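What follows is a single structure, written as structure tokens, with notes after it.
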Amino acid sequence: MFKFLLLAFRNVFRNRRRTAMTLLMVGGGVAGLLLADLVGLDAATLTFLVISSLAAALMARLRSITLTFVAAIVIGLVHDLVTPIQSLTSYRDMTPFVLAALALLALSRHQGISLSREEA
Amino acid sequence: MALDTARITASAPKRSPLHMPPARALTRIGILAVLLLFVLLALPQVLSLYYIDAMTQAAVYSMVTLGLGVLVGRVGLYSLGQVAVMAVGAWAAARLLFATAQPFPLVLLEAGLITMVAGTLLGLPALRMRGLYLALITLMLAGAISVVLATTNFPNGGHGFLGYDSASAHVPAIRRPGVAASDPAYFRYSVIIAIAMFLLVLVHLRTRPGRAWAAIRQSESAALAAGVNTTFYKLWAFALASFMTGVAGGVMAGAVRYLYSITFQPQDSITLLAVVLMAGAYSLWGAVLAALLVQLLPALLNNWGVPADWLTILFGLGVLQALTTAPRGLADQVPKDLARLAGLLRRPARQSAPPEGSSR
């Protein structure tokens with residue numbers, strides 16, 4: 001659902017150009033229109049949504065649009081597949097966070113000391 | 001040793017009293033003592049219960065902002081999950097307070113240690129990352145913790161590991177220490193605990209860990225080359241911050257007496273980081289200021305009938321301002337600006353103007 005937002009997110013982190021920012025705004029706006037039917041319109045829910053959509057962008061390590069797209073679909077699928085399982089259903093909102101954390105840990109295994117403090 | 005401290009922390013704005021003229025150091029300690037006495041003795045007499053409540057929250061949050069200040073300002077680790085860590089501390093303290101009859105300070109210590117273990121376990125894998133990724137992974141973990149807490153709920157005197165009884169009609173309040181049953185007394189109690197935490201951090205900063213952290217913040221590779229065990233000291237910083245945040249959670253549990261998962265929102269961690277950067281992550285005063293901004297200011301605004309939501313905008317602007325023009329935050333900038341203003345005001349009176357920008 002919020003893939004537009006994700007794509008734009010990735011862009012804005014990758015190259016801080018104005019085009020990326022514009023894309024983020026447009027993407028966010030379209031995502032907002034599509035989301036209006038799905039979630040309640042209150043500030044807390046929508047902020048939380050940004051955090052969880054960030055998870056998908058993180059899974060692609062903020063580097064690839066395609067991967068972000070795939071990650072978002074995987075997150076959505078896992079989230080909905082877990083729903084019927086009784087013991088996990090109340091924890092299903094954790095899906096984006098857990099998947100993103102696992103992906104980050106798995107992907108950043110072989111990392112030496114970097115010289116600049118900004119680079120991850 | 002003292003020389004070492006001076007050299008490595010030379011870039012930090014906090015000047016050690018050891019290197020000040022003794023008279024000035026004494027004045028400083030005197031002012032601090034008077035201020036503390038005022039907060040401990042006079043404030044609870046003057047303030048209404050509403051503001052005492054807000055000040056208790058500020059005391060609690062000063063421990064959280066202090067931990068975040070150590071992570072961000074001293075070591076350069078950006079964590080966006082501190083509110084979730086505090087929730088863990090609050091959960092542990094509430095569970096222990098319901099399950100056992102241990103004295104309150106012991107429970108606080110245990111809650112701090114439990115949170116320390118949890119926070120260090122979370123920090124262990126996160127240490128592989130730095131900068132943006134570290135911030136984001138802590139945000140993810142905070143999101144996960146908040147979902148778990150929303151499901152399991154905080155203990156309310158029930159049985160079992162979770163201690164939550166959804167059927168209980170009468171929910172008992174979380175108990176407070178015997179000496180601090182009333183709100184003003186509990187305010188004093190939390191201020192004293194906050195002071196203990198500040199002293200703990202001060203001891204750390206003056207000794208070996210503080211020097212190691214300063215070295216890591218300057219350059220991790222240089223610190224490594226100089227023989228500093230960077231992983232160990234980064235974990236130590238995580239452990240210390242988690243411990244203090246856990247204790248803060250415990251004090252919080254006693255302050256509000258009924259805990260709800262809605263109190264600990266993951267997005268609050270983001271606001272908290274913004275406020276810490278805005279108030280000044282590099283000094284201990286910054287932690288106090290940040291706590292006042294994040295807890296007392298909303299209470300003031302509510303009292304004046306202004307929606308506290310405006311603060312989100314204010315904090316956003318404030319952090320932008322801090323990052324662009326005053327990287328050391330309000331705690332460093334305001335005294336400087338005041339000194340400059342005083343200099344400007346004095347100039348017409350006396351022709352010889354004092355040198356500008358001389359702080360203190």
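Just so you know, all these numbers are worked out from the coordinates, no wet-lab data involved. Computed from a predicted model, the values in this text were never measured in an experiment. Counting neighbours? That spans all protein chains shown, and the Cβs are built from the backbone with ideal geometry, glycine included.
Where in chain B are the DSSP H helices whose C-alpha atoms run 15 Å or more along the long axis and whose mean Kyte hydropathy is at least -1.0?
B:22-37, B:49-69, B:82-99, B:104-126, B:132-152, B:183-206, B:208-218, B:230-256, B:266-279, B:310-324, B:330-349
Once the other residues with Cβ under 13 Å from the Cβ of B:Pro298 are scored (Lys, Arg +1; Asp, Glu -1), what is the net sum?
-3
Of the candidates B:Ala339, B:Ala239, B:Ala212, which one comes out as most mobile in a Gaussian network treatment of chain B with C-alpha springs shorter than 10 Å?
For chain B, modelled as a Gaussian network with Cα springs under 10 Å, the answer is B:Ala339.
How do A:52-65, A:79-92, B:65-78 rank on mean C-beta neighbours within 10 Å, highest first?
Descending packing order for the listed peptides: B:65-78, A:52-65, A:79-92.
So, counting K/R as plus one and D/E as minus one, what does the shell of residues with Cβ under 13 Å around B:Ala93 add up to?
That sum, taken over residues with Cβ under 13 Å, equals +3.
Where does the charge balance sit around B:Leu121 when Lys and Arg score +1, Asp and Glu -1, over other residues with C-beta under 15 Å from its C-beta?
For residues surrounding B:Leu121, the net value is +2.
Which distance in Å, rounded to a whole number, links the C-alpha centroids of the range A:55-76 and the range B:29-56?
50
What distance in nm separates the simple spin-label points at A:Leu77 and B:Val203, each placed 7 Å from Cα in the Cβ direction?
5.4
At a threshold of 8 angstrom on Cα-Cα distance, excluding pairs fewer than six apart, so keeping six or more, what relative contact order does chain B reach in percent?
Normalised by residue count, the contact order of chain B is 29 percent.
What nm value, rounded to one decimal, do you get for the distance between B:Leu26 and B:Val117 when each label is placed 7 Å out toward the C-beta?
4.8
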